[in-house]
Amino acid sequence: MNIIAVDIGNTNITVALYLKDEEEFIKSVSGRSHAKLTDLFKSAWDKIPVAKSSKEGKRDGVFVVCSVKLAWTKLVRKIVKDNLDEKVHIIGEDIPLPMTLWVDEPEKVGTDRVVSAAAAYAVVKEAVVVADIGTAVTIDLVGDSGIFLGGAICPGLEISARALKEHTAQLPKVEIARPKAPYGKNTTDAIKCGLYYSTVATVQEVIRRYAESLGKWPYTVLTGSAAEIIKDDCEFIDSYVPNLVVKGIVLAYKKYIEEKMEQVI
């Protein structure tokens, strides 16, 4: 399959091109950059071959979108339609979620969380936790049977840094980075330590609580735009998988197509 997987987050939009199921590239741009996003879609679409059966020269590919930001979903729809005369397929609307959710309000769970969890479970095939360190920190649990059981949501590193700056009289805004020492000898380094180690500790403690509930320590996957910053201090993590969401988008679309084919047969 030839798929352009689009992960619309709160800060960036990540675009991944898969040609014949092989990853060609993964790139991220700001959702505020209309021109860069348009160029990225065009360059990805140009790489997709024309369908052999098409007399009109239609390309044999599809745009599949997972989004947590409605305004940017509308923007992506418009760019793809206006520039390529194609439609986008939205997970959770046009394409069903790839796994069952055992939660109180399944319609309110971010589709990015679900597709990431499904991608991790598809590989592990047992209870798995996905800790996504991005604008927000989400720590989600899938049971042994492949059902999404729920999770925890916390402020991300940047949000926390900005909150300290905006809601205190003297604390500065700091750049997020791995601290050089576990304690800071000045205000800036102290904030960096607090933000960094509280995030690592939160992820570990939440997973520990999940393990108590399950009766075993679940396989754990770390992902997200800021995951690389903390991964070296997360010895309790089994795998670090950048861009897990786009892998989940591809999985969800393939599962949808396979189920449609089974219905026809």
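Please work out if Ser67 is under 18 Å from Val246 (Cβ atoms), at pLDDT 95 or above and surrounded by fewer than 20 Cβ atoms within 10 Å (Cβ to Cβ). Criteria not met by Ser67. For the stretch 185-196, does any single residue satisfy the condition of being out of contact with any Ser or Thr (no Cβ under 6 Å at 6 or more places or on another chain) and under 29 Å from Val128 (Cβ atoms)? Yes, the conditions are met somewhere in the stretch 185-196.
Across the stretch 214-237, the qualifying residues are those that are farther than 15 Å from Glu126 by Cα and in a helix (DSSP H, G or I), and the one among them that is nearest to the chain's Cα centre (by Cα) is Ala227. Scan the stretch 160-179 for residues that are in contact with a Lys or Arg (Cβ under 9 Å, 6 or more places away or on another chain), without any contact (Cβ under 8 Å) to a residue 40 or more places away in the chain and either part of a loop (DSSP other than H, G, I, E, B) or surrounded by fewer than 12 Cβ atoms within 10 Å (Cβ to Cβ) (or both) and the total you get is 7.
Taking the conditions exactly as written (in a loop (DSSP other than H, G, I, E, B), over 19 Å from Val246 (Cα atoms) and in contact (Cβ under 8 Å) with a residue 40 or more places away in the chain), does Glu86 satisfy them or not? When the stated conditions are applied, Glu86 passes them.
Considering Thr220, Thr202, which residue is modelled with pLDDT of 95 or more, touching a strand residue (DSSP E or B) at 6+ places or on another chain (Cβ under 9 Å) and surrounded by 21 or more Cβ atoms within 10 Å (Cβ to Cβ)? Explain how you work it out, then say what you get.
Details: Thr202 fails: surrounded by 21 or more Cβ atoms within 10 Å (Cβ to Cβ).
Just one listed residue meets the conditions, Thr220.
Hey, any hits in the stretch 37-52 for a residue that's closer than 25 Å to Val142 by Cβ and buried (at least 18 other Cβ atoms within 10 Å of the Cβ)? Checked the stretch 37-52: no residue is closer than 25 Å to Val142 by Cβ and buried (at least 18 other Cβ atoms within 10 Å of the Cβ).
The values are calculated or read from the model by the stated rules, or taken from the named source; none is laboratory data. The structure presented is a predicted model; accordingly, all values stated were derived computationally and were not measured. Note that we place each Cβ from the backbone using ideal geometry, even for glycine, and neighbour counts take in every protein chain shown.
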